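All of the numbers you see were taken from the coordinates with simple rules; none came from a lab. Just so it is clear, the structure is predicted and the values come from calculations on it, not from any experiment. Don't worry about glycine lacking a Cβ; one is built from the backbone with ideal geometry, like all the others, and counts go over all protein chains shown.
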């Protein structure tokens, strides 16, 4: 293998040099470059047809050359066998001293000539009587091909020469046979193969052109449909072929993509509408309060109105912060955050910073569990879950941190003893600005973005956030994966059941 590597490298280098030379040549001859560019097939259909025709042409050329070569060899061997048999018969006559002139010709031979060591003709067949020697004296034994134009024949002769010893001295016997049949068969076979190859080549080209066109017709239909789909026509779908092939899978994939785009567009429009509604309400109240404050000069009224305006301003500030965070989460193209985060420490510090109002929070996080992530985002996830739990709890809230050693996940449960969430609403609460009917008051409900933000943060960390079916309580479970390369000595000890 080591021996082939330099050769492969040199071949690759030679290929690159040829391409570079071709580019330089085309750069010096812009007209040639334009001609090459025009002759280069543009479409997949044309390139496929050209490749098929070139491949078939190469195969046919090699096969035809092999057939003609084998035919020529077989015919020449047949002629050679006839001439050798005739030459051996004449050699026996010469050895016995029974040479006569003219010598008789057998079927398949054209002439016989016996020449002595001095180049003089000793005997010959009728058609060579009186003619000089065909070859120089001392011509070695073997086979050769003569073109006897002196005899008026344009075709070749296969000549066999054999040395023999006569009573008067050594002689060389030349026996020739015409290759006219071999030449004619070769010419006929070459012409027939050329015609058949041409017909086959055109047939392959036509079939490839038609088959490629039929195969690419669905692709063109898909392209035309995609080109016609605008930003307001995302409900349209590309045609899916009934065949179970790559093009059908491509169409299915594109329809799935269009479905996702349509769903994303719908969510975006609903989000914009809901955001406009959520912003319009506090802005309207704030403006009313300020107008009333301008119309009244009573300090007590001013104080109440300013307090209400401050409350609405804080609500607007929180809503704007949530919207900005959602926009950042939607557009983030970062990789999985890999900052080591101690979830147990994060839980303890977050709960301690909140205090015990309005309901006490019990924490069960006995061991350190380190996961890769973003500390600020994970703290925001826990804060949003605690805000939701505090808003709906009756008496207490529980935070429990464990590990699922089988799957390598950290499990964070935030539980409150408030009214359970109906199964039909357990996914709807994660929609943006979606709040259940009993949480729509401004004093009791949030902005409707806390849970969606928490789920998006979990998704960015390759985790999940779901609502569990627990009797008498509501449990929000967050599962965060712990990648294998984060299982260090310090973290492996934490992967014990709590």
Original post:
Calculated FRET efficiency, residue 59 and residue 214, Cβ-Cβ r, R0 25 Å, to nearest 0.05?
Top reply: 0.55
**OP:** Kindly put 44, 219 in sequence by how many other C-beta atoms sit within 10 Å of each C-beta, fewest to most.
**Re:** 44, 219
Original post:
Given labels modelled 7 Å from the Cα in the Cβ direction, how far is it in nm from residue 72 to residue 200?
Top reply: 2.0 nm
**OP:** Can you put 476, 271 in order of Cβ neighbours within 10 angstrom, beginning with the fewest?
**Re:** 271, 476
Original post:
What does the highest-first list of 407-418, 66-77 look like by mean Cβ count within 10 Å?
Top reply: 407-418, 66-77
**OP:** Quick one: order 110, 338, 245, 116 by neighbouring beta-carbon count within 10 Å, fewest to most.
**Re:** 245, 338, 116, 110
**OP:** Mind giving me the FRET efficiency for residue 318 and residue 227? R0 is 45 Å, r the Cβ-Cβ distance, nearest 0.05 is fine.
**Re:** 0.55
